[in-house]
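Report on the structure given below.
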Amino acid sequence: MSYKPTYKAANTIAATIETHFVKLHANAVAQGEVDLATQPNKEIIEVLIDVAFWSSLRKEEGHSPKISIAFLPPSQTSKPLKFAKPLPLNATTLTKIAPGVERSGIHVGVWVIDGELYIWGTTLNIPNFCFVVDVSAPGLIVIKHRRIYGIGKYTNVAVLKGEQIRIVDDTSCNNRDCPPILKALLDLTVLASWNDPINILIQFAVSMRSHGRGGALLIVPKDDQKWTESIIHPIQYLVEPEFCGLSNLAKQVGNQSEIFSQGALRKEVEHLAGLTAVDGATIINDRFDLIAFGAKIGRGIGKPTVEKIAFSEPIIGGEDKILYPGQLGGTRHFSVAQFINDQPQAVGLVASQDGHFTIFSWSKRQNMVMAHRIETLLL
């Protein structure tokens, strides 16, 4: 290839990403999986990341590009939009076409033609484990792949921000008590359907983070009212009867149109996730009925103040730490940690205005609240 990458981080990470996809494909083939995308080699990985990075620093008519680049030929997708003449892959080309391809679900298709990488068109469908490079923000590049059955959010492999490299560690749950949402984000569990409860929680987390105002979500057992002991009463925005829009979708079975159903799910998730921007915590039960929002968390009578929490991040080098709650964030983080300390049967999600996202759950192994920071998996 004549293209010469200059982004140092792309060269640093390329071999690691290549190894990841080799293992991913080998495991899938051993399990009898088919319809697998072509594996990218180190050189292709480096070039795609380099072009994506330099594109992210440019602007077209005052807007920074947001692009999803997928490595595949037109023959590996259905109903591709093909250009009459392939376009050269470089930062100038990507920046120029970015305004037309920045909507969610659209991928710019890239493939090797006569020894060079070209943009052949766009597609809405990509095969299992297809290598994808997302331009998410200026200087922010996310490397990911499509899940094996195509359900739910793509699986992130690494995140690059300038010279900072964060590689996802899919073994991080081996010796920890990890909540199901984290295991699913690491692609350790298979999502059964579009309305799989874990997929709904993942969509909720993505939506909470995207509104950028910060927020807290408490998920409590449906048939257990102990959680009320840790909420200050009266609750200003109590919902009566409980709102069942999202829970009704979660119960759906049968042959509904998947596209229609996913659209309906997205609307209901956006509806409820938006409420987390209101000061206080939004409360739902584990069947996704909305109970309240704007709720104030207090320490339960006779419950000890949470003094320490275990902290982990599912990236290479993200070893467990023991922190004081104040080291993790502000009042929102402390109050949700206190709630889980009081109510270990519950789970708490906290989005920060700076983009951080944390899951709070009770660790039986460590007998304390555990905070899992997962924004690397949500981009």
Item checked: Cysteines without a disulfide-compatible partner [the chain; Cβ-Cβ under 4.7 Å] -> 130, 244
Next item on the list: Using just the helices of the chain, give the 222 nm mean residue ellipticity in deg cm²/dmol: DSSP H runs with n ≥ 4 each add -39,500 (n - 2.57), and the total is spread over all residues, rounded to 500.
Entry: -9000 deg cm²/dmol
Next item on the list: Nearest 5 is fine: what % of DSSP beta bridges in segment 153-293 come out antiparallel, could you say?
Entry: 65 percent
Next item on the list: Express in Å², to the nearest 10, the accessible area of residue 240 obtained by rolling a 1.4 Å probe over the protein heavy atoms while all chains stay in place.
Entry: 150 Å²
Next item on the list: Count the net charge of all other residues whose Cβ sits under 12 Å from the Cβ of residue 64, scoring Lys and Arg as +1 and Asp and Glu as -1.
Entry: 0
Item checked: Area of residue 191 that stays accessible when all protein chains are in place (1.4 Å probe, Å², to 10) -> 10 Å²
Margin query: Could you tell me the center-to-center distance, by alpha carbons, between segment 164-239 and segment 65-85 in angstrom?
Written below: 33 Å
Margin query: Can you list residues from other chains, or at least 5 along the same chain, whose modelled amide H is less than 5 Å from the amide H of residue 121?
Written below: 83, 109
Note to self: Just to be sure I understand: of the beta bridges DSSP finds with both ends in segment 8-167, what percent are antiparallel, rounded to 5?
What the structure shows: 90 percent
Margin query: Tell me the angle of helix 91-101 to the major Cα principal axis of the chain, expressed in degrees between 0 and 90 and rounded to the nearest ten.
Written below: 50 degrees
Next item on the list: Extending each Cα 7 Å along its Cβ direction at residue 81 and residue 320, get the distance between those two points in nm, one decimal.
Entry: 4.9 nm
Next item on the list: Report the extension gain between residue 106 and residue 6 in nm, rounded to one decimal, defined as 0.36 nm multiplied by the number of residues separating them, less their alpha carbon distance.
Entry: 33.3 nm
Item checked: Difference of contour (0.36 nm per residue) and Cα-Cα distance, residue 354 to residue 225 -> 43.1 nm
Next item on the list: In debye, nearest 20, what is the charge dipole magnitude of segment 8-167 about its Cα centre with +1 on Lys and Arg Cβ and -1 on Asp and Glu Cβ, if you could check?
Entry: 420 debye
Margin query: Within the chain, what whole-number % of the accessible surface is contributed by carbon and sulfur, with the 1.4 Å probe and all protein chains included in the calculation?
Written below: 52 percent
Check: What distance in nm separates the simple spin-label points at residue 266 and residue 31, each placed 7 Å from Cα in the Cβ direction?
Finding: 2.7 nm
Checklist line | Estimated inter-spin distance, residue 39 and residue 233, nm [label 7 Å along Cα→Cβ] | finding: 6.0 nm
Check: Hey, what's the chain come to in accessible area per residue, 1.4 Å probe, Å²?
Finding: 47 Å²
Item checked: Estimated vicinal HN-Hα couplings, Hz - segment 364-370 in sequence order (Karplus 6.51, -1.76, 1.60; Gly, Pro = x) -> 5, 5, 9, 6, 6, 5, 10
Next item on the list: Figure the gain on full extension for residue 327 and residue 248 (residue separation times 0.36 nm, minus the Cα-Cα span) and round it to one decimal in nm.
Entry: 24.5 nm
Next item on the list: Would you kindly derive the ³J(HN,Hα) couplings of segment 186-192 from the backbone phi angles with the Karplus curve 6.51 cos²θ - 1.76 cosθ + 1.60 (θ = phi - 60°), listing them in order in whole Hz, with x for Gly and Pro?
Entry: 8, 6, 8, 10, 8, 7, 6
Check: In segment 217-306, what % of DSSP beta bridges are antiparallel (nearest 5)?
Finding: 65 percent
Next item on the list: Rounded to the nearest 0.05, what FRET efficiency do residue 63 and residue 279 give with R0 = 30 Å and r taken as the Cβ-Cβ distance? Could you check?
Entry: 0.40
Note to self: Could you give each residue of segment 195-206 its phi-based ³J(HN,Hα) in whole Hz, using Karplus coefficients 6.51, -1.76, 1.60 with θ = phi - 60°, and x for Gly or Pro?
What the structure shows: 9, 4, x, 6, 4, 5, 5, 5, 4, 4, 4, 4
Check: Among the lysines, which fall within straight-line cross-link reach of residue 82, defined as a Cα-Cα distance under 27 Å, with same-chain neighbours fewer than 8 residues apart omitted?
Finding: 4, 42, 59, 66, 96, 144, 153
Notebook entry, point to check: Once the whole set of protein chains is in place, how much accessible area is left on residue 368, using a 1.4 Å probe, in Å² to the nearest 10?
Noted result: 40 Å²
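The values are calculated or read from the model by the stated rules, or taken from the named source; none is laboratory data. Model, not experiment: these values are computed from the prediction. For neighbour counting, all protein chains shown are included, and Cβ atoms are generated from backbone atoms with ideal geometry for every residue, glycine included. For accessibility, only protein heavy atoms count, side chains too; no ligands or nucleic acids. Shrake-Rupley method; radii C 1.70, N 1.55, O 1.52, S 1.80 Å.
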